[in-house]
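Accompanying notes for the structure given below.
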Amino acid sequence: MALIAPSLLASNFLKLADECQMLNESEADWFHLDVMDGVFVPNISFGIPVIEQIRKTTSKICDVHLMIVHPENLTEAFKKAGADILTVHFEACKHLHRNIQQIKALGMQAGVAINPHTRVELLRDVLADIDVVCLMSVNPGFGGQSFIPHSLEKIRALRTMINELNAHTKIEVDGGVSLENAKQIIDAGADVLVAGNAVFKSADPKQTIHQLKSL
């Protein structure tokens, strides 16, 4: 059974407290929080003050996905804000192993995200050191995009590599996840589904989460 991590980027920010309460009452496992800086990706989302407030509403895992340059400058601040998992982008980190060490030294789980054009094989040397690989199945920066079909091959390749290395790394798939394709994604080897519009734009978000959990 996959873990479900609804992305609050797709939520109604005017009713953020209500959206958090809905997730708390649902079968969602993690809160997925997308931080964008307008530099690494062509969009700006929310940052530390908003995450601090979201943290106060829940005891569920706060899964913070940094789509920013120089994440090492803010790692400690995101820890203080309440991140349980902190994910940095492979493409944004010149010294990735050092970034991973920094995150773990602060007591968080470490994640590494890769963009659609990045080969999973490039993670081989750090795979045993990280807790989560966030495999982007859309180009990062905006919600509501369509799932890139080639991502299924990347999930399978990553699952094979994790098994070969006897690692315990979770595969998180982020982008275009829906009730229509979630089963395929899980069958390919995903452990965690990030769902934004599929949850928050549905008529019954709790029921949608239940359906995703039941696959």
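Listing for the model above:
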| item | result |
| --- | --- |
| In nm, spacing of pseudo-spin labels at THR57 and ASP125 (7 Å Cα→C-beta vector) | 4.1 nm |
| Charge tally in the Cβ shell below 11 Å around ALA83, where Lys, Arg are +1 and Asp, Glu are -1, ALA83 excluded | -1 |
| Gained length - ARG98 relative to ALA203, 0.36 nm times residue gap less alpha-carbon distance | 33.4 nm |
| For the chain, built as a Gaussian network whose Cα springs stay under 10 Å, the top-fluctuating residue of GLU121, GLU52, GLU164 | GLU164 |
| Residue-averaged 222 nm ellipticity for the chain, from DSSP H runs of 4+ at -39500 (n - 2.57), nearest 500 | -9500 deg cm²/dmol |
| Extension gain (nm, one decimal) between LEU215 and ALA17, 0.36 nm per residue minus Cα-Cα | 68.5 nm |
| Total charge dipole magnitude, the stretch 3-213, about the Cα centre, Cβ charges on Lys, Arg, Asp, Glu only, Debye to nearest 20 | 100 debye |
| Exposure proxy order (Cβ contacts within 10 Å, fewest to most) of HIS65, HIS117 | HIS117, HIS65 |
| Backbone N within the stretch 183-215 under 17 Å of label point (7 Å from GLU164 Cα along the Cβ vector) | 189 |
| GNM flexibility winner over the chain from CYS20, CYS62, CYS134 (Cα, springs under 10 Å) | CYS20 |
| Rounded to 5, percent antiparallel among DSSP beta bridges of the chain | 5 percent |
| Using θ = phi - 60° and Karplus 6.51 cos²θ - 1.76 cosθ + 1.60, couplings along the stretch 16-22 (whole Hz; Gly, Pro as x) | 4, 4, 5, 5, 5, 4, 4 |
| Centre separation in Å (Cα based) which lies between the stretch 124-160 and the stretch 165-210 | 12 Å |
| Cα lying deepest toward the dipole's positive end in the stretch 1-127, options TRP30, HIS117, ALA5, charges on Cβ | HIS117 |
| Segment GLU153-LYS183, length gained on full extension (0.36 nm per residue, minus Cα span) | 9.4 nm |
| ARG156, ARG124 arranged by Cβ crowding within 10 Å, fewest neighbours leading | ARG124, ARG156 |
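Every number here is computed from the coordinates shown, using simple stated rules; none is lab data. Model, not experiment: these values are computed from the prediction. Cβ atoms come from the backbone with ideal geometry, glycine included; neighbour counts cover every protein chain shown.
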